[in-house]
1. Of the peptides 206-219, 4-17, how do they stack up when ordered by the mean number of other Cβ atoms within 10 Å, highest first?
2. Above 16 Å lies some portion of the pair distances; for region 348-390, what is it as a whole percent of all C-alpha pairs?
3. Given q = 0.21 Å⁻¹, what are the Debye log10 I(q)/I(0) values for region 120-201, with equal point scatterers placed on the Cα positions and solvent ignored?
4. Mind checking the full-extension length gain between S189 and R360? Use 0.36 nm per residue of separation minus the Cα-Cα distance, one decimal, nm.
5. Could you tell me the largest-minus-smallest coordinate of the C-alpha atoms of region 294-396 on each of the three principal axes, in descending order and whole angstroms?
6. Taking the Cα atoms of the chain alone, what are Rg (to one decimal) and Dmax (as a whole number) in Å?
7. Testing the spin-label approximation: label points 7 Å from Cα along Cα→Cβ at Q261 and D210. State their distance in nm.
8. Restricting to DSSP loop positions (anything but H, G, I, E, B) with no more than 14 other Cβ atoms inside 10 Å of their own Cβ, which GluC sites (Glu not before Pro) remain in region 155-207?
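The values are calculated or read from the model by the stated rules, or taken from the named source; none is laboratory data. Remember, it's a predicted structure, so these values are computed and weren't measured experimentally. Here the Cβ is made from the backbone with ideal geometry for all residues, glycine too, and neighbour counts use every protein chain on show. These area figures cover heavy atoms from the full protein model, side chains too; ligands, DNA and RNA do not enter into them. Shrake-Rupley method; radii C 1.70, N 1.55, O 1.52, S 1.80 Å.
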Amino acid sequence: MIEKYAEIIGENELDAIYRIAEKLKGLSVLHVNSTPKGGGVAEILSKLVPMMNELGINTQWKVIRGDNEFFNVTKSFHNSLQNGSGNVNDETFAVYEKWQDINASEIPLDYDVVFIHDPQPAGLIKVRKKGKWIWRCHIDISNPYPKVWEFLRKYVQQYDAMIISSSVFGREDLTIPQYVIPPSIDPLSVKNREISRFTVERILRKFEVDPDRPLVTQISRFDRAKDPIGVISAFKGLKKHIDAQLVYLGSPASDDPEGDQVYQETVKAAEGVKDVHLLMLPPDSDLEVNAFQRGADVVMQKSIKEGFGLTVSEAMWKRRAVIGGNTGGIPLQIIHGYTGFLVNTPEEATHYLIYLLRNRQIREKIGQDAREHVRNNFLMTRELRDYLMVMLLSIQ
Ligand code: UDP
């Protein structure tokens, strides 16, 4: 129920949403991505799609399929686009093409507006018959590996527009309109709504975490871009000063085949370090995520590359002080020294961990300002309104 958000964002904001939606009623809209669960894109679509339907816009969500080979290729694209390096050849591109064709033959694509999320299904544009097509890019494409970007760019250029999460990802080598829509969180979801301290402590204890001792958490897929090894390293530094605990909670995503391997690397890095809890839970463990974010004294998101990093806003909304990697969309959320701290190295992370754990008042002040920053900028209703605006601009 969209009405329920009035108490959080105010009536005027809701009016704006309904006013724009009036003009879009009856449109057919499709979202396509590559996983139904796990990761930020699925998280957003699971909220955005029902909201659009509630507004009278006939919205569907389809997930492309592929085999291991395909998801290895798309993960390598993902890494290459974010890291600027890679290893691809004609065969890599052929695997990508093959699965675009298979999915194009299975998914009906005749809609008034089609949103294609991320590189995995971007090639579907080649079978477009009707409608406005918008490529929604959730990752950092500011410094891509040229071979992969050139391949992808040929598709992206065929879209009517592109949406990026931060203006720093804007590209000069595209002539289509580029809209900036930062992602957002749902304050009423199981993952983000208020839960009692009693529930938080019960869940912490269930995983053998002591609610009475300092706790640091990072909640992220086991992905090198999230720097799990750097988190362990920062925690090791902290341990020399404060007897804290670390929870790194990850979950698998069907479009990320590297999770197991990175998990093993993290286990190895944590060998011999006391009080490290590496948890791998199912991707729908929303209550656990909520509890570990609220139960933390400090939350980390020490990414090296990041499209946006929903986990940052999730923790900030819960009034947590967050230490985040100075990359991608994280600086939109963390204003250094005001709504959290930005770091470039594990040593810097250790420094701020010690500082925050020793200063409860500062932690709380930052947490309070962090929450207001999220309320003003990163709640689902704002993202919904932005999507509606892009649709309106596109169909005119
Ligand atoms: N997440 C989760 N369980 C986990 C790890 C992550 O539910 O074990 C969620 C997290 O709460 C967030 C999303 O997955 O909602 C991750 O989005 P983000 O933008 O931070 O990163 P991505 O995985 O999309 O790179």
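1. Order by mean packing, descending: 206-219, 4-17.
2. On the way: 507 of 903 pairs.
Result: 56 percent of Cα pairs exceed 16 Å.
3. One equal scatterer on each Cα of region 120-201 leads to -0.97.
4. Result: 58.8 nm gained on full extension.
5. Taking max minus min along each principal axis of the Cα atoms, region 294-396 gives 55, 25, 21 Å.
6. Radius of gyration, then largest Cα-Cα span, for the chain: 20.8, 62 Å.
7. Result: 3.8 nm between the two label points.
8. On the way: sites: E172, E194, E201; in loops: E172, E194.
For GluC sites (Glu not before Pro) across region 155-207 that sit outside H, G, I, E and B with at most 14 neighbouring Cβ atoms in 10 Å, the list reads E172, E194.
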